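First the structure, in the form of structure tokens, and then the observations on it.
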Amino acid sequence: MDLELELANLPQDSRDLLIEMGLNNNSHLINVEFPDFNSSDKKDLFDLYCKIKHKDNENFTNLGEGKYCNASSDLVLCWPPTPANTTAYLKCFSEFLGYKYDDRENASRECLWNGTWSKSDYSFCWDITEEPTEENFFTTSTIYFVGYTLSLVALSIAIGIFIYFKDLRCLRNTIHTNLMCAYILVYALWIVTLIVEQTFQTDMVLCVILVFLLHYFHVTTFFWMFVEGLYLYILVVETLTRENFKLRIYATIGWGLPFVFVLIWAITKSFIETDSWVGDYLARFE
């Protein structure tokens with residue numbers, strides 16, 4: 001379709017966005033916001049913008065000699081028209097999703113023999129986002145520490161109330177207590193992990209044990225939330241079968257199933273990944 005005809009058929013909001021992109025000279029399309037466009041419309045509009053942007057560079061395409069790839073976008077960069085069997089190079093983006101990249105390097109995309117684009121190669125676009133400083137780590141860890149400590153105190157008081165008052169002892173409150181215990185174990189273990197990480201950084205066995213337990217107790221919180229919902233469902237809907245669901249069944253779901261899943265996860269990790277996964281996992285809780 002002729003470029004002028006494509007522009008004439010565009011809705012007004014698309015034309016306005018094209019004008020804005022042109023005024024801002026957006027060669028890095030990742031910085032353009034599309035509040036009301038789906039992915040297909042976005043791709044079509046990007047491709048059209050690329051054709052307009054590289055309209056003056058298409059002289060060789062009018063000679064009728066050989067195949068070539070049209071100006072096109074990959075939703076990140078705007079690639080110029082390129083002869084077949086040729087690799088196009090563009091500067092890397094300087095920022096993507098809040099991360100900074102080295103824009104001194106180049107991204108590449110090959111125009112294949114049949115005039116179609118291959119997949120873009122961004123392997124040289126290195127993430128140069130600065131690592132958190134020791135001061136930032138200390139501040140963040142302190143906030144976590146205070147928050148988890150307050151949660152531990154509040155949860156401990158709640159459990160104490162359930163245990164002290166005999167009138168509150170029932171299956172429903174026992175399930176509540178187990179859920180709170182799961183959270184207490186997660187928060188307490190996080191504090192222990194933080195201390196151990198600062199004191200015994202080279203003890204890999206201890207780190208693996210802590211990661212396993214931290215992951216296990218973290219998963220149990222979700223399973224006990226599921227048990228809470230299951231109990232309410234049985235209480236309201238399956239009233240005739242609620243007597244068959246004893247505490248041991250709920251405990252098996254809340255404490256037993258997470259152990260099986262986390263054990264499978266740990267065994268799989270030990271075979272398919274290196275030791276670095278331990279540090280990566282601990283970093284999620286910092």
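The values are calculated or read from the model by the stated rules, or taken from the named source; none is laboratory data. Given the structure is predicted, the values throughout are model-derived calculations rather than measurements. Virtual Cβ from ideal backbone geometry, glycine too; neighbours counted across all protein chains shown.
List of remarks:
- Some residue of region 173-193 being at pLDDT below 85 and either among the hydroxyl-bearing types (Ser, Thr, Tyr) or touching an Asp or Glu at 6+ places or on another chain (Cβ under 8 Å) (or both): yes
- Applying the condition of being modelled with pLDDT of 85 or more and of a type in the set (Ser, Thr, Tyr) to region 41-95 and asking which residue is surrounded by the most Cβ atoms within 10 Å (Cβ to Cβ) yields 82.
- Unique match (being modelled with pLDDT of 85 or more and either closer than 19 Å to residue 182 by Cβ or assigned by the TED database to the domain that holds residue 205 (or both)) among 219, 237: 219
Here's the yes/no breakdown for (1) β-branched (Val, Ile, Thr); (2) under 21 Å from residue 255 (Cα atoms):
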{"position": "136", "(1), (2)": "no, no"}
{"position": "143", "(1), (2)": "yes, no"}
{"position": "157", "(1), (2)": "yes, no"}
{"position": "165", "(1), (2)": "no, no"}
{"position": "180", "(1), (2)": "no, yes"}
{"position": "188", "(1), (2)": "no, yes"}
{"position": "195", "(1), (2)": "yes, no"}
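- Qualifying residue in region 122-142 (condition: more than 30 Å from the chain's Cα centre (by Cα) and surrounded by fewer than 11 Cβ atoms within 10 Å (Cβ to Cβ)): no
- Test: residue in region 171-185 that is surrounded by fewer than 17 Cβ atoms within 10 Å (Cβ to Cβ) and not in a helix (DSSP H, G or I): no
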